[in-house]
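Working notes for the structure below.
The values are calculated or read from the model by the stated rules, or taken from the named source; none is laboratory data. Note that the coordinates shown come from a computational prediction; the quantities given were computed from them, not determined experimentally. Every residue, glycine as well, gets a Cβ built from its backbone with ideal geometry; the counts of neighbours run over all protein chains shown.
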Amino acid sequence: MAARYLAQGDRSAAQVERHLAGRGFTKAAVRTALRTLHRLGYVNDEVVALRMAQARLARRLMAREALAAELGERGFAAEAVARAVSGAYAGLTDEAVAEQFLESLPLRYKEPDRERRRRAGLLRGRGFSSDVSEAVLGNG
């Protein structure tokens with residue numbers, strides 16, 4: 001059952017645990033299965049969190065905190081999340097990622113103030129702070 005679930009894609013240990021528990025397995029059976037999966041290398045939160053963080057950041061540029069929140073929602077431990085986010089950003093700053101995101105956007109409004117407000121809102125939606133937004137957009 002766990003192997004089929006893992007075959008569908010990368011999963012955290014917490015996701016596998018919830019899946020098995022939801023299928024009616026006892027706590028002892030779930031613990032045994034997780035120990036076996038860890039020993040065989042099928043469940044490795046550090047590796048999976050990093051792979052997910054890199055893939056997610058490649059598909060959707062966002063702030064570190066937003067990426068960390070997404071990984072946390074998947075059940076990864078705080079330490080695995082911190083290392084994965086650090087690895088995915090690989091020396092990039094939030095400002096650099098925000099600038100990459102802004103470069104990918106087409107110009108929608110001819111009025112500079114309106115366009116700046118739109119872009120600030122889009123940055124907020126990606127989890128960037130107002131400080132980052134001001135740094136990459138300028139003060140107006």
Subset tally (residues that are surrounded by fewer than 13 Cβ atoms within 10 Å (Cβ to Cβ) and not acidic (Asp, Glu)) for the stretch 37-73: 7
Gly121, sole failed condition from (1) surrounded by fewer than 14 Cβ atoms within 10 Å (Cβ to Cβ); (2) of a type outside the set (A, V, I, L, M, F, W, C); (3) part of a loop (DSSP other than H, G, I, E, B): (3)
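So that you can scan it fast, the table gives a plain yes or no per residue for (1) touching a helix residue (DSSP H, G or I) at 6+ places or on another chain (Cβ under 8 Å); (2) more than 20 Å from Arg59 (Cα to Cα):
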site	(1), (2)
Val85	yes, no
Tyr89	yes, no
Leu92	no, no
Ala98	yes, no
Leu105	yes, no
Pro112	no, yes
Glu115	no, yes
Leu122	yes, no
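Report the residue count in the stretch 48-71 for those that are among the small types (Gly, Ala, Ser) and either in the same structural domain as Gly125 (by TED's automatic domain parsing) or under 18 Å from Ser129 (Cβ atoms) (or both).
Restricting attention to the stretch 48-71, the residues satisfying the condition of being among the small types (Gly, Ala, Ser) are 49, 53, 55, 58, 63, 66, 68-69.
From the residues that got through so far, the ones that are either in the same structural domain as Gly125 (by TED's automatic domain parsing) or under 18 Å from Ser129 (Cβ atoms) (or both) too are 63, 66, 68-69.
Here the count works out to 4.
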Pairs where the first residue, in the stretch 12-39, is without any contact (Cβ under 8 Å) to a residue 12 or more places away in the chain and not assigned by TED's automatic domain parsing to the domain that holds Leu50 and the second is small (Gly, Ala, Ser) and crowded, with 17+ Cβ neighbours inside 10 Å, C-beta under 9 Å, 6+ apart: Thr36/Ala2
